[in-house]
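What follows is a set of notes on a single structure, which appears directly below.
The values are calculated or read from the model by the stated rules, or taken from the named source; none is laboratory data. Model, not experiment: these values are computed from the prediction. So basically every Cβ, Gly included, is an ideal-geometry build from the backbone, and we count neighbours across all protein chains shown. Protein only, heavy atoms only, side chains kept; ligands, DNA and RNA dropped before computing areas. Shrake-Rupley method; radii C 1.70, N 1.55, O 1.52, S 1.80 Å.
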Amino acid sequence: MFLVIFVAAIPAATAAILLLGLLDGDSASWRRIGEAVGESVPYCLLIAAGAAWQIRRRRTWVRISSGGIELAADGGDPILLDWSETSSAQVRRRGLWAVLDVVPTDPDSVRSTDPHRDLPRLRDTADGTAFTVPVGSLRPGPAALRSALVRHLPTNPLEDDQQGEPR
């Protein structure tokens with residue numbers, strides 16, 4: 001995430017420095033563009049480090065066992081869904097990131113351990129209302145998560161989704 005944010009921030013910071021320079025009466029020469037890139041690097045390093053630190057502080061994790069699936073995402077308290085309470089679960093691609101969609105049989109009955117905390121994100125899918133957890137940066141990775149889901153969800157056959165990845 002650090003590198004993605006750093007690379008994305010360089011053009012924005014460079015454009016801001018050039019725009020401020022143009023408003024101040026500087027010319028838009030190649031030399032000035034090079035200087036603006038050099039001036040933006042320290043700011044972009046700080047921005048990327050701060051954003052990566054904030055993202056790292058969020059505790060997103062998934063645990064799969066014979067008892068069920070435990071989810072925690074974006075600083076919310078974990079929830080535990082028994083396999084009998086799980087209608088379906090699949091790992092799929094959403095843009096560049098892998099996400100886990102878990103559809104409970106009754107979304108209204110799912111509670112966090114602390115009622116004042118947030119549940120993981122809910123979104124409507126073709127299978128029903130699902131908890132969506134980003135799992136692309138988790139280790140051992142989306143492939144291991146897919147195989148664990150296949151082991152524990154007997155009603156979830158190996159099907160191909162729209163991008164050709166097993167569910």
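Ranked from highest to lowest mean number of other Cβ atoms within 10 Å per residue, what is the order of the peptides 16-29, 79-92?
Those peptides, ordered most packed to least, come out 79-92, 16-29.
Probe of 1.4 angstrom, ligands and nucleic acids ignored: what's the accessible area per residue over the stretch 1-151, in square angstrom?
In whole numbers, the stretch 1-151 has 61 Å² accessible per residue.
If one computes the Cα centroid of the stretch 64-105 and of the stretch 40-56, what distance in Å separates the two points?
Value for the Cα centre distance between the two parts: 30 Å.
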